[in-house]
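Here is the structure we will look at, set down as structure tokens.
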Amino acid sequence: MIEKKILFVSDCVTENNGKGVVGSSNLKSISRAYGKENVDIYLVSHFKDLEENSSADLVNKQFLMYQNDSKAYILFESLCLRHFRSTKRVEKKFKQIISDNHYDVIFFDDSYFGNLVRAIKKKSQMRSIVFFHNCRRNLALNWLYNSPLKFLPFYFSTRRQEKLSSRFADKIAVLNDKDSELIKFHYNRNSDAILPVAIDCRRPLKKDIRFISKKLTIGFLGANYHPNVNGISWFISNVLPLLDESVVLLVAGKGMDKVSESLELLNKSQSTVSVSGFVDDLRSWYANIDIVVSPIFEGGGMKVKVAEALSYGKYILLSPDSYHGYTFDVQAGIVCCDEVDFAKEINRVKALGMIDEEAVYQQFNERHSIDAAQRNIRGLID
């Protein structure tokens, strides 16, 4: 096997948010596939995040760039059509890194590093691969609709950087077919590979049939981010009143405690809704959950919390948007298109009284584990 030297460029490989989980997964897959001695990382992040993002155990060398995340700085860079993670300072250090070190491949862990991707094409024979966490232009457009004045500069800078990435990258990879279609539509560029969400196995390998107690416990885990808040608000208002029997709904996630009162006030059913913030011990939290719901109807990319739930062996009910990029059969979960579908499936599970969590886990292990991701990443890079 011919060794390859790879530089991994990212702004987030911490595992306390969805983007970071995917970034960490990509880095782990590359590191394990090619050996950590052949992988370096250029990490561009806010000062407070750099220690959290430490990846010393996965790479040979780390190059760190501290970035200003003030609103004024972000606005200035956006007006210059540069993303605040791909500024002139970031580009200058990047050029120095690739000048001082030999790399066969540069893996950009997001599409807003367009200036850097173009720099390789102009001055180097190194191959560039850009991973799209989603179609950033589409996401920025959605934000623009919600707050035109606030996000107009960000929209144009995001569109510019993503266009450069699409134009100059040797290969591009996406999370799912939906993002591939959006990139083709906006930039007339075909994707070279689909790399679905993959995470480390969370649950010990053991056979386990979960028997449901008298009151079904449903879990929803997600940060205080408007697609998550909108989705669980809809679920509380529209699904809970349709259930045959009362259930316990546990909502948790970073910042969710700040909207706990408003979410609990939406509940007009006989079910119990409990909202809490950041979860320190995920294993214990999931141990108290019978099934998981993901009623998300907006946003791009893949919903990382779906893979996480599967990794704990949790049967999941999810919207079509949450299912994008995933492949599993009815043993692991089911797609629900409206409140009637959600209520019908919850009532069915409650009546069945048991869930084969081992079967759920095995489907995760085959399709969304790091081992599965290594095969996919080799097919893209080699």
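For this structure, a couple of remarks:
- Filter result for Val59 (under 19 Å from Val21 (Cβ atoms), in contact (Cβ under 8 Å) with a residue 40 or more places away in the chain and not polar (S, T, N, Q)): yes
- Among helices (runs of 4 or more DSSP H) entirely within the stretch 1-96, having at least 3 residues that are at pLDDT 85 or above and under 24 Å from Val174 (Cα atoms) singles out 18-34.
- Screening the candidates Phe107, Phe156, Phe185 for the property of being closer than 20 Å to Val39 by Cβ and either assigned to a helix (DSSP H, G or I) or in the same structural domain as Asn60 (by TED's automatic domain parsing) (or both) yields one hit, Phe107.
- Where Glu366 falls short, out of the listed (1) at pLDDT 90 or above; (2) among the charged types (D, E, K, R); (3) surrounded by fewer than 19 Cβ atoms within 10 Å (Cβ to Cβ): (1)
- If you go through the stretch 283-310 and keep only what is within 17 Å of the chain's Cα centre (by Cα), farther than 24 Å from Asn347 by Cα and of a type outside the set (Lys, Arg), you end up with Glu298, Gly299, Gly300, Gly301, Met302, Val304.
- Of all residues making up the stretch 324-343, the number that are out of contact with any helix residue (DSSP H, G or I) (no Cβ under 8 Å at 6 or more places or on another chain) and either at pLDDT below 90 or assigned to a helix (DSSP H, G or I) (or both): 2
- Within the stretch 71-108, tally of residues that are under 30 Å from Leu149 (Cβ atoms), out of contact with any Pro (no Cβ under 7 Å at 6 or more places or on another chain) and among the polar types (S, T, N, Q): 2
- Tally of residues being over 19 Å from Val279 (Cα atoms), in a helix (DSSP H, G or I) and of a type in the set (A, V, I, L, M) across the stretch 222-249: 3
- Screening Leu318 on (1) modelled with pLDDT of 90 or more; (2) crowded, with 19+ Cβ neighbours inside 10 Å; (3) touching an Asp or Glu at 6+ places or on another chain (Cβ under 9 Å) shows it passes everything except condition (3).
- Filter result for the condition that a residue is buried (at least 22 other Cβ atoms within 10 Å of the Cβ) and either closer than 17 Å to Phe107 by Cβ or modelled with pLDDT of 90 or more (or both), over Phe131, Phe168: Phe131
- Among residues of the stretch 198-216 that are under 16 Å from Ala332 (Cα atoms), none has a beta-carbon under 7 Å from a residue that is modelled with pLDDT under 80 and among the acidic types (Asp, Glu) at least six positions away or on a different chain.
- Taking the listed residues Tyr145, Tyr73, Tyr66, the one that is touching a helix residue (DSSP H, G or I) at 6+ places or on another chain (Cβ under 6 Å) and hydroxyl-bearing (Ser, Thr, Tyr) is Tyr66, with no other qualifying.
- Scan of the stretch 231-249 for residues that are in contact (Cβ under 8 Å) with a residue 60 or more places away in the chain and surrounded by fewer than 15 Cβ atoms within 10 Å (Cβ to Cβ), ordered by number: Leu242, Asp244, Glu245
- Meets criteria (touching a residue at least 60 places away in the same chain (Cβ under 8 Å) and surrounded by fewer than 22 Cβ atoms within 10 Å (Cβ to Cβ)) for Arg348: no
- When Glu261, Glu298 are checked against the criterion of being modelled with pLDDT under 90 and either out of contact with any Gly (no Cβ under 6 Å at 6 or more places or on another chain) or among the acidic types (Asp, Glu) (or both), a single residue qualifies: Glu298.
- Residues in the stretch 74-131 that are of a type in the set (Asp, Glu) and within 23 Å of the chain's Cα centre (by Cα): Asp109, Asp110.
- Test result for Ser166, in contact with a Ser or Thr (Cβ under 9 Å, 6 or more places away or on another chain) and either in the same structural domain as Asn17 (by TED's automatic domain parsing) or of a type outside the set (A, V, I, L, M, F, W, C) (or both): yes
- Residue list for the stretch 254-312, filter: among the acidic types (Asp, Glu), more than 22 Å from Lys215 (Cβ to Cβ) and not in a loop (DSSP other than H, G, I, E, B): Asp257, Glu261, Glu308
- Those residues of the stretch 15-40 which are within 27 Å of Thr87 (Cα to Cα), in contact with a helix residue (DSSP H, G or I) (Cβ under 7 Å, 6 or more places away or on another chain) and of a type in the set (A, V, I, L, M, F, W, C), in sequence order: Val21, Val22, Ile30, Val39
- The residues of the stretch 255-274 that are in contact (Cβ under 8 Å) with a residue 12 or more places away in the chain, farther than 18 Å from Leu216 by Cβ and aliphatic (A, V, I, L, M), listed by number, are Met256, Val259, Leu263, Leu266.
The values are calculated or read from the model by the stated rules, or taken from the named source; none is laboratory data. These numbers come from a predicted model, not from an experiment. In this analysis, Cβ positions are derived from the backbone assuming ideal geometry, glycine residues included, and neighbour counts consider all displayed protein chains.
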